[in-house]
Amino acid sequence: MKAMPWNWTCLLSHLLMVGMGSSTLLPRQPPPLPQKRPFVTFRGEPAESFNHLVVDERTGHIYVGAVNRIYKLSSDLKVLVTHQTGPDEDNPKCYPPRIVQTCNEPLTTTNNVNKMLLIDYKENRLIACGSLYQGICKLLRLEDLFKLGEPFHKKEHYLSGVNESGSVFGVIVSYSNLDDKLFIATAVDGKPEYFPTISSRKLTKNSEADGMFAYVFHDEFVASMIKIPSDTFTVIPDFDIYYVYGFSSGNFVYFLTLQPEMVSPPGSTTKEQVYTSKLVRLCKEDTAFNSYVEVPIGCERSGVEYRLLQAAYLSKAGAVLARTLGVRPEDDLLFTVFSKGQKRKMKSLDESALCIFILKQINDRIKERLQSCYRGEGTLDLAWLKVKDIPCSSAEMAKREQKN
């Protein structure tokens, strides 16, 4: 979509206006100071780092994914239950892992870094995936963290070989009368032959079922997944897609990503590597991933561009912000934090900005772009998947428009 660069507007000014407007409602005399309340704290084991946290919306219980341990806490941070996940003997080069077949690589005591933590409300279980054994997952009962299942004997059970805690993101799509789906997005760390970068998996009712985490659809030619082509690494040797956030809304599943690209700076004939923030969207019911589309996302304020995504969160607009933005209180808003620059992958030290996107407007722009591509305007802007930019055409876009 390079033919149509997208310039999203940062809405920091709107947030500031809301804050300033509310100040006129303050009484002339300052209100009495609230009674001091002690902060509630929780500490894990010494030298233990926390990776993920989820809250049960029904009970208020808190689940924390840490290195070598899963915690269940009360709403006031009292430890209710713990479940140990590591360490254990492993080697990241063992594929399949040693628990499936003998590995000739030297084994060492290895920590299990929690990489994904999701609550499966429908089946009252916790999905906890770690870094041991190529990223296998445990299914734990919410009540007491009892292990209901731990599938590990098929390649579909190995979700990610990356040890970083933020390398995997999952989104559950729930159905009333069918098994749920689990969309998995992960960095592949140079192992595209082992791990798809994005896929949809079966989330069976039985935690020990043979089909747990199997691809939703798979035949000789098509599957519910996308792999990074090996040819992509000849262009960008360290290419990967880093997933920052994921969510579902309406008929779609979304992921926010950082991706390296080779670009030519203005006035230069040589290319340099930068990181581009992109929003990925898929239809929930698309088993062949024909609806896959990605668009660049960033924001700008006072002539300063913020392009490096750091964090994101989806929420409803609410009454006050809805009035300011001209949307309904129940509309979905995407809150994002970007930093300046594009040279570093994550944790940039440059100044940052909180930017708000109206999800409906993002979908409207995607629809406009797909329609223009259907007319043969621009390129698909999927160079990493096609290895090179492919001009838009009706043949390429027919299925996508039907899906969107």
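Details
- Distance between the modelled labels on Ile390 and Leu77, one decimal in nanometres: 5.1 nm (7 Å Cα→Cβ projection).
- Dipole moment magnitude, nearest 20 debye, the range 50-367 about Cα centre, only Lys, Arg, Asp, Glu C-beta charged: 580
- Accessible area of the chain belonging to carbon and sulfur atoms, whole % at 1.4 Å probe: 53
- For Ser49 and Glu368, the difference between the fully extended length at 0.36 nm per residue and the C-alpha to C-alpha distance is 110.4 nm.
- Sites Lys191 and Glu285, calculated FRET efficiency, Cβ-Cβ separation with R0 30 Å, nearest 0.05: 0.55
- Listed residues Gln371, Asn206, Phe195: farthest to the positive end of the dipole of the chain (Cβ charges): Gln371
- Zone of Val263's modelled label, taken as backbone nitrogen in the range 354-383 under 18 Å from a point 7 Å along Cα→Cβ: 379-383
- Listed peptides 177-190, 124-137 appear in the order 124-137, 177-190 once ranked by packing, highest mean of other Cβ atoms within 10 Å at the front.
- Euclidean distance between Cα centres, the range 148-201 to the range 263-336, Å: 23
- Label-point gap, in nm, between Gln101 and His218 - each point 7 angstrom along Cα→Cβ: 1.6
- Solvent-accessible surface of the range 96-248, taken per residue with a 1.4 Å probe and all protein chains present: 43 Å².
- Estimated from helices alone, the mean residue ellipticity of the chain at 222 nm is -3500 deg cm²/dmol (sum of -39500 (n - 2.57) over DSSP H runs with n ≥ 4, per residue).
- Each principal axis of the Cα cloud of the range 50-367 was evaluated for its coordinate range; sorted largest first, these ranges are 55, 50, 40 Å.
- Placing pseudo-labels 7 Å out from each Cα toward the beta carbon at Lys154 and Asp210 gives an inter-label distance of 0.8 nm.
- Listed pairs Lys93/Lys155; Lys93/Lys205; Lys72/Lys155; Lys154/Lys386; Lys72/Lys93 exceeding 26 Å between Cα atoms: Lys93/Lys205; Lys72/Lys155; Lys154/Lys386; Lys72/Lys93
The values are calculated or read from the model by the stated rules, or taken from the named source; none is laboratory data. None of the values given here were measured: they were computed from a predicted structure. Because the Cβ atoms are built from the backbone with ideal geometry, glycine has one as well, and the counts that use them run over all protein chains shown. Note: accessible area is taken over every heavy atom of the protein model, side chains too, but ligands, DNA and RNA are not part of it. Shrake-Rupley method; radii C 1.70, N 1.55, O 1.52, S 1.80 Å.
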